[in-house]
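Undergrad: Quick one: this structure, given as structure tokens, is what I'll be asking you about.
The values are calculated or read from the model by the stated rules, or taken from the named source; none is laboratory data. Quantities reported herein were computed from a predicted structural model and do not represent experimental measurements. Here the Cβ positions follow ideal geometry from the backbone for every residue, glycine too, while neighbour counts run over all protein chains shown. Ligands, DNA and RNA are excluded from the accessible area calculation, which covers all protein heavy atoms including side chains. Shrake-Rupley method; radii C 1.70, N 1.55, O 1.52, S 1.80 Å.
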Amino acid sequence: MSELPHIPALRRGRAYESLDQLPVRDHRTGEVKATVSTVNAGVLRKDLARMGEGRAALKRFTTAELVALCGRAAGHFLDGTLPLGTGGQTQSPAQYVQTLATTSGLPWVLVRRNMRKIHAALTAMDVVLRGLTRGIAWDILDRGYGEQDGLRLSFHPATQALGLVMPSNSPAVNSLWLPAIPLKVPVVIKPGRDEPWTPYRLVQAFIAAGAPPEAFGFYPTDHEGAAEILRLCGRALVFGDQSTTAQYARNPAIQVHGPGFSKVLIGADQSERWPEFLELLAGTIADNGGRSCINASAIVVPSHAAEIAEALARRLGPVQPAKPEDPQAQLAGFANPKMAEGIDAAIEAGLQTPGAREVTAAHRGGPRRVVFEGGTYLRPTIVLCDSFAHPLANREFLFPYASVVTVPQPDMLQQIGPSLAVTALTKDPAFIEQLLECPLIERLNLGPISTMNVAWDQPHEGNMFEFLYQRRSLERADARSGGW
Amino acid sequence: MESSLAVDPGATQAAQAALDAHLRDIIQWHFSPETGCPVWLEWAGQAGWDPRREVRTVADLQRFPHFQDEWLRDRQPEVWVPRAYQGRPFNIFETGGTTGMPKQRIGWEDYKVDYSEFSTKLADEHFPRQHYWLMMGPTGPRRLRLAIEHLANVRGSSCYFIDLDPRWVKKMIAEKRSDAARAYMDHVVEQAVTILKHRRVSGLFTTPKLLEALAEKLDLYAAGIRGVFCGGTTMTPQYIRFVVEEVLEGRIGFYPTYGNTLMGLAASVPLRPEDHYSITYYAPQPRAVLRVVDPANTGRLVEYGAWGRVELTTMTKEFFMPRFLERDEAIRRPPRAPYAWDGVGDVRPFGALEKNIVEGVY
């Protein structure tokens, strides 16, 4: 048996060791930590034609049984030793943390935090489903029709499988697809190139908990394969940068997850109190290594921008890379150092445009891009911009980066653009009313709540139930008219 | 298993001697005023040396520069006519799937020789004699169209044809019009489905992608197909495995080939389990020679098992083309019975790992 783990593709739950294999490397040393089977698009087309079998297997369970199964899968994911590859290897939670940290660049402490988020999403699946369905009784979900509160309801699935073209940036992003299983829709996952570990472990956790293996497809594949997932699954999620997301923006079968452009807005009524919010602001920018789409990438204020930027720079500027096992580690390394180079260059180029100043530079004591123990890191960067028109004002990067922008309160909502999560620090009823009316914000926090907070009963980034099911009207003759 | 297919050193030497003798004949032919073509006679006049006297073995081919295929685009076809063939109408075949002025090779009988020989590699159980074939692929100005028909005819069979214009497909893909490319491919495949539903066909020639698309539309075995002869684009070991196991379901004979208008056809040796679906092709020596050379020093062969650029020398009385560097790379493989010369394995576009190369469905 080879010591090096090999992660196979899972074709309707069955391991498939491809002749095409890619290495997954230590982001610092380049050492190969595992190999991953990659499959050609034809394999996907072949298997997708049979995904109805996966749905049929899930339909043999009730929703209640699948919710209970999610609870068991949560335990396996967090604490279990699960099969890893085709060589009989297994993976303990500690091995998962270490390996994922090694290949993705996330420090252990952040991997563990992500692990707990996923665990929480699985254990709270009953709440999640109630949130997604707005409280539809589970027996109605099981039958596809029924009556609740005197109203007749009927749903049909929009697809036989949910396609997932996943990113590599943060493990907790996998929590987005978890409700598909209790909603009885199989998943077809293309993992991110540097992060096969989390979706594979989740699938193994589900199977260990008793889920039917044929409900899971795990297909490391190329661009053509990814495109086939998006084309052939009736519903799919894709993650990527703006160019990727623009490509699918008008396709209702594809839910696009690109940059979040999340923000914190401070109202004129609270702007004098900004020092009280400093820790909150720093957390929204830097938690999870600044890698999430719900990390704030802009702090929008009517006044005091320079002071806020300076205070954030003093707080975040000195943050340095640390050993992955360091419990205080805050920064994530880049699995692809060229990406760090590109980001660094983009910021430098942006700073050439008048109207912006990097405030962190004075507090960092060194360059933004650093190599630490072989890994490439970007240190936190706060840029003070004089308007949203500046090219660095509304940018999102994969590290703790934020602009601090001065915008008069009356103009804020006209200028912020689409924003996945917004924390609004205001008690001004008129401003709150405008925020509640604003169609650009997907998740709104009123008061000192981090943009990073996720509420399981309130979906952001689209509603998985409404994505996977469509409402229909159903009329059924009653039994007295002949047993229809 | 390895030993049963290993080639006796004596056979290798004999093949080399036959190749050298063939080379001397061809050089004599192309560089003699009585038989040679204007292009090579003119070249020799300016080269300052007489290949007829100085080229004795294949190693001496190094004295020629790499053949530039632009000559096939820039010059009129008649300059390639050997004097001995003057007055005989010729076929004009075009290469590849690129747009713009195409490269052209003229010919008379070469394709028949190549494909008659290739017929001996086909098993009757896969390509029954006195039956019907279907070609779904690039016809038009390509040698392949006549070659496939000849091959079917040699086996007492006739062939249906469905055209695919690879230049259009490449254009669509290069312009990122994938929907248009897919629609065109569907249009081609639908025609094949119609033929297979209404006519008895046992042998199929197509490209890998079209084969896959056709198999998604109907059960090839149930439709009567028993043998598939495939070529045209890269086929990685995993792709070959997928075709053998899942497209042809282990029930239909599969014959991958490597070839083009300039070379002819290199057949592959039957796969053994230890090949792990890695295909090796052997040139139709002595008419063509394939070498795997170091891209940085093309005079040097790479070691067995190493990757290098594919270099083709074609030497028939109709066409002489020394040391043409193909736009492909491959693994150099040792001789394997029944071939007593080197093979090229896992052929793929040159620089495939560094570049994103448009191959389309061709």
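Undergrad: May I ask which residue of A:L122, B:T257, A:I449 lies farthest towards the positive end of the charge dipole of the protein assembly as shown, with charges of +1 (Lys, Arg) and -1 (Asp, Glu) on Cβ and the Cα centre as origin?
TA: Farthest towards the positive end: B:T257.
Undergrad: Over 56 Å apart: what share of the alpha carbon pairs of the protein assembly as shown falls there, rounded to a whole percent?
TA: 24 percent
Undergrad: Expressed as a whole percentage, what fraction of the accessible surface of the stretch B:2-349 belongs to carbon and sulfur atoms when a 1.4 Å probe is rolled over the protein heavy atoms?
TA: Answer for the stretch B:2-349: carbon and sulfur cover 51 percent of the accessible area.
Undergrad: If I take every Cα pair under 8 Å that is 6 or more residues apart in chain A, average their sequence separation and divide by the length, what percent do I get for the relative contact order?
TA: Reported as a whole number, the value is 18 percent.
Undergrad: Please report the net charge: other residues with Cβ closer than 15 Å to the Cβ of A:Q89, K and R +1, D and E -1.
TA: For residues surrounding A:Q89, the net value is 0.
Undergrad: On average, how much accessible surface per residue is there in the protein assembly as shown, in Å², for a 1.4 Å probe, leaving out ligands, DNA and RNA?
TA: Heavy-atom accessible area per residue stands at 41 Å².
Undergrad: Could you compute the longest span of chain B free of trypsin sites (Lys or Arg not before Pro) located in DSSP loops and having at most 14 other Cβ atoms within 10 Å, not counting the site residues?
TA: The longest such stretch corresponds to B:252-354.
Undergrad: If you find the alpha carbon centre of the stretch B:164-202 and of the stretch A:309-356, how far apart are they in angstrom?
TA: Cα centres, the stretch B:164-202 to the stretch A:309-356: 49 Å.
Undergrad: Taking K and R as +1 and D and E as -1, what net charge do the other residues with C-beta under 10 Å from the C-beta of A:F61 add up to?
TA: Taking every Cβ under 10 Å from that of A:F61, the sum is +1.
Undergrad: Taking the Cβ-Cβ separation of B:L301 and B:R272 as r and a Förster radius of 22 Å, what is the calculated FRET efficiency to the nearest 0.05?
TA: With a Förster radius of 22 Å, E is 0.35.
Undergrad: Moving to a separate point now. Between exposed trypsin sites (Lys or Arg not before Pro) in chain A, where DSSP calls loop and at most 10 other Cβ atoms lie within 10 Å, what's the longest gap?
TA: In chain A, the maximal stretch lacking such sites is A:251-475.
Undergrad: List the residue ranges in chain B for DSSP H helices whose C-alpha atoms run 20 angstrom or more along the long axis and whose Kyte-Doolittle average is -1.0 or above.
TA: Helices meeting the criterion: B:9-30, B:178-198.
Undergrad: Next up: If you project the alpha carbons of chain A onto their three principal axes, what span does each projection cover, largest first, in Å?
TA: Cα spread of chain A along its principal axes, largest to smallest: 76, 61, 36 Å.
Undergrad: Hey, another quick one. Mean Kyte-Doolittle of at least -0.5 plus a Cα span of 18 Å or more along the axis: flag which DSSP H helices in chain A meet both, please.
TA: Taking the DSSP H segments of chain A (at least 18 Å long, mean hydropathy at least -0.5), we get A:63-79, A:108-123, A:337-351.
Undergrad: Where the centre of each part is set by its Cα atoms, how far does the stretch B:220-261 sit from the stretch A:186-249, in angstrom?
TA: 28 Å
Undergrad: Same structure, new question: At what distance in angstrom do the alpha carbon centres of the stretch A:382-414 and the stretch A:112-143 lie from each other?
TA: Each part reduced to its Cα centre gives a spacing of 35 Å.
Undergrad: Got a sec? Which residues of the stretch A:11-28 lose 40 Å² or more of accessible surface with every protein chain in place, vs. that chain alone, 1.4 Å probe?
TA: A:Y16, A:L19, A:D20
Undergrad: Any chance you could check the stretch A:36-63 for residues losing 20 Å² or more of accessible area when the partner protein chains are in, compared with the chain on its own (1.4 Å probe)?
TA: A:N40, A:G42, A:R45, A:K46
Undergrad: Using only Cα atoms, what is the ratio of the radius of gyration of the stretch B:146-291 to 2.2 N^0.38 Å?
TA: Cα Rg divided by the expected 2.2 N^0.38 Å: 1.08.
Undergrad: Sticking with this structure for a sec: Determine the shape class of the stretch B:1-126: with a ≥ b ≥ c the square roots of the Cα gyration tensor eigenvalues, call it rounded for a/c under 1.5, and otherwise prolate if a/b is greater than b/c, oblate otherwise.
TA: In terms of gyration-tensor shape, oblate.
Undergrad: Mind checking how much accessible area B and A bury in total, 1.4 Å probe, in Å² rounded to 100?
TA: 1200 Å²
Undergrad: Please compute the contact order of the stretch A:243-368 in relative form: average sequence separation of alpha-carbon pairs under 8 Å and at least six residues apart, divided by the residue count, as a percent.
TA: Relative contact order for the stretch A:243-368 comes out at 23 percent.
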